[in-house]
Amino acid sequence: MVSTKVILLVTVLAAPAAAQDSATPLSPLDEPIGQIASTQDGCAVLDKDFPGLREHPMYFSIKHMTLNQIAAMSSGKITPAMMTQAQSDLSALPKADIAATPIAATPASAEAQPEP
């Protein structure tokens, strides 16, 4: 009987998380950064609103996170004004643009380096 209660509890607790994963983000600030950066327009917004983000040494570790998530961990370096501007700029992009126009999400600093 105890194992049935544990399974039921785990199922109930996991259900909201599973529902969140399949839900469409309510805001472009809830899109993974890597997905935003998968388009030229998305890269342009990130580079304009968060200069140096794609060149940051931790970019490849944080690109699966959302802008809201990294803003919460930024100790105030990402300001509410920056987030408001990004929300506006990302919302202005065509909806299909983020999903339909993939490009290599290579930081600009890596693109500028000559090959050996």
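At a glance:
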{"read-out": "Criterion: within 21 Å of Lys95 (Cβ to Cβ) and free of Cβ contacts under 8 Å to residues at least 40 places away in the same chain - qualifying residue of Ala44, Ala81", "value": "Ala44"}
{"read-out": "Hits in segment 54-85 (condition: crowded, with 17+ Cβ neighbours inside 10 Å, over 14 Å from Pro28 (Cβ atoms) and touching a strand residue (DSSP E or B) at 6+ places or on another chain (Cβ under 9 Å))", "value": "Lys63"}
{"read-out": "Test set (1) loosely packed, with under 12 Cβ neighbours inside 10 Å; (2) within 17 Å of Lys95 (Cβ to Cβ); (3) of a type outside the set (A, V, I, L, M, F, W, C) - Pro51 fails condition number", "value": "(2)"}
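FYI, it's all coordinate maths here, none of it is from the lab. Keep in mind that this is a model prediction, so the values were computed, not measured. Glycine also receives a Cβ, built like all others from the backbone with ideal geometry; neighbour counts cover every protein chain displayed.
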